[in-house]
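Let me begin by presenting the structure, written as structure tokens, before commenting on it.
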Amino acid sequence: MQQRRLFSIALSSLLMGSALAAAAQTAAPAPPNVLVIYREYPKPGMSGTPHEKTEAAFVKLSQDMKWPVHYIAMTSMSGPNRALFVYAYDSFGAWGKDAEAQSANAAYAAANDAAMIGDGAVLSETDAHAFLYHPEMSVHPNADVAHARYWELTSFIIKPGHEAEWMELVKIYTTGFDKIPDAHWAVFESRYGANNGGEWVSFNPMRSLDEVDKGMANSQAFMASLGDPAMKHAAALAADCIQSSQSNLFVVDPKMSYASDDWVKEAPEIWSQTQ
């Protein structure tokens, strides 16, 4: 959508694996190279139905125009009350071409501007980030996103000058969790927005919150396999390089999403509400 919102998803827990089925991982596509995420903060009392009503104008615009770029909307279950709008691109160039196409289409631009006015009335703040995918820091990253109802988002802020310790720490976790078949995350680096080059986010899509419990069990299995000396080393690395970290849970809002027809067919229990 025309630059109406931008944030970065601080996704899945790098320190806890998720539990998507191995068969789903095999068939699922790899994460996109670029994520552009718009974050909106509704005014008190304006989340839920009031925000869904203003967002309906953006969804209708995309549907009427048959716009080729789809997006997922999700709302917070923890942390500040906010909505995330997640766009996936093959490259930053593809993101630029999408923005240029929106600006060049007079009908699209006019309808989008009108929708922004309505949406702005229920919002107190918006912000934006763009992220770059790092496959070498991810574990079993192919995910059945169409069936994901929940997302666990974890952000790590790294201390300046401690990138080497961070990379060593990540290697310990990716090596260990790679041996756990249902552990799953994709890591992205903030490239535009706050903490550029110093923020890393892991994305964990989940079918149900049962996977949080399974992720905790995976963490216990990882620590047991690593052993006490290696865990102490990992803890020391984390203390040296991580300035702060935060995990939050989000739930998909299909009414504010512009899902593809394929997703509606694959997971109508989630996405049929977008039609």
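The values are calculated or read from the model by the stated rules, or taken from the named source; none is laboratory data. Source: prediction; values computed, not measured. Every residue, glycine as well, gets a Cβ built from its backbone with ideal geometry; the counts of neighbours run over all protein chains shown.
Numerical summary
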| read-out | value |
| --- | --- |
| Cβ-Cβ under 7 Å pairs, at least 6 apart or on other chains, the range 54-76 side within 15 Å of ASP253 (Cβ to Cβ), far side modelled with pLDDT under 95 and assigned to a helix (DSSP H, G or I) | VAL59/THR274 |
| Residue in the range 85-114 that is farthest from ASP64 (Cα to Cα), counting only those that are surrounded by 15 or more Cβ atoms within 10 Å (Cβ to Cβ) and in contact with a helix residue (DSSP H, G or I) (Cβ under 7 Å, 6 or more places away or on another chain) | TYR89 |
| Residues within the range 207-225 that are assigned to a loop (DSSP other than H, G, I, E, B) and surrounded by 17 or more Cβ atoms within 10 Å (Cβ to Cβ), tallied | 1 |
| Residue match in the range 156-171 (condition: within 17 Å of the chain's Cα centre (by Cα) and either hydrophobic (A, V, I, L, M, F, W, C) or more than 21 Å from ALA83 (Cα to Cα) (or both)) | yes |
| Among residues of the range 23-61, those that are of a type in the set (Ser, Thr, Tyr) and either buried (at least 18 other Cβ atoms within 10 Å of the Cβ) or within 20 Å of the chain's Cα centre (by Cα) (or both), counted | 4 |
| Matching option when the condition is farther than 30 Å from PRO50 by Cα, out of contact with any Ser or Thr (no Cβ under 7 Å at 6 or more places or on another chain) and not hydrophobic (A, V, I, L, M, F, W, C), among ASP127, ASP178, ASP113 | ASP178 |
| The range 168-206 - residue that is of a type in the set (A, V, I, L, M) and not in a strand (DSSP E or B) and, of those, farthest from SER225 (Cα to Cα) | ALA194 |
| Given (1) in contact (Cβ under 8 Å) with a residue 40 or more places away in the chain; (2) farther than 26 Å from ALA259 by Cα; (3) surrounded by fewer than 19 Cβ atoms within 10 Å (Cβ to Cβ), number of the condition ASN195 does not satisfy | (1) |
| Tally, over the range 110-119, of residues that are within 23 Å of the chain's Cα centre (by Cα) and free of Cβ contacts under 8 Å to residues at least 60 places away in the same chain | 0 |
| Complete set of residues in the range 227-275 that are surrounded by fewer than 17 Cβ atoms within 10 Å (Cβ to Cβ), within 22 Å of GLY161 (Cβ to Cβ), in contact with a strand residue (DSSP E or B) (Cβ under 8 Å, 6 or more places away or on another chain) and not small (Gly, Ala, Ser) | GLN243, GLN246 |
| Subset of the range 147-185 [over 19 Å from ALA235 (Cβ atoms) and β-branched (Val, Ile, Thr)] | ILE180 |
| Top-ranked residue in the range 216-253 [being among the hydroxyl-bearing types (Ser, Thr, Tyr) and more than 20 Å from the chain's Cα centre (by Cα); ranked as farthest from HIS51 (Cα to Cα)] | SER225 |
| Identity of the residue in the range 115-167, among the small types (Gly, Ala, Ser) and in a helix (DSSP H, G or I), that ends up surrounded by the fewest Cβ atoms within 10 Å (Cβ to Cβ) | ALA164 |
| Any chance VAL212 is of a type in the set (Val, Ile, Thr) and out of contact with any helix residue (DSSP H, G or I) (no Cβ under 6 Å at 6 or more places or on another chain) | yes |
| First in the range 218-236 and on the phi < 0 side of the Ramachandran plot and among the aromatic types (Phe, Trp, Tyr), second anywhere and surrounded by 14 or more Cβ atoms within 10 Å (Cβ to Cβ) and part of a helix (DSSP H, G or I), Cβ under 7 Å, 6 or more apart | PHE222/GLY176; PHE222/PHE177 |
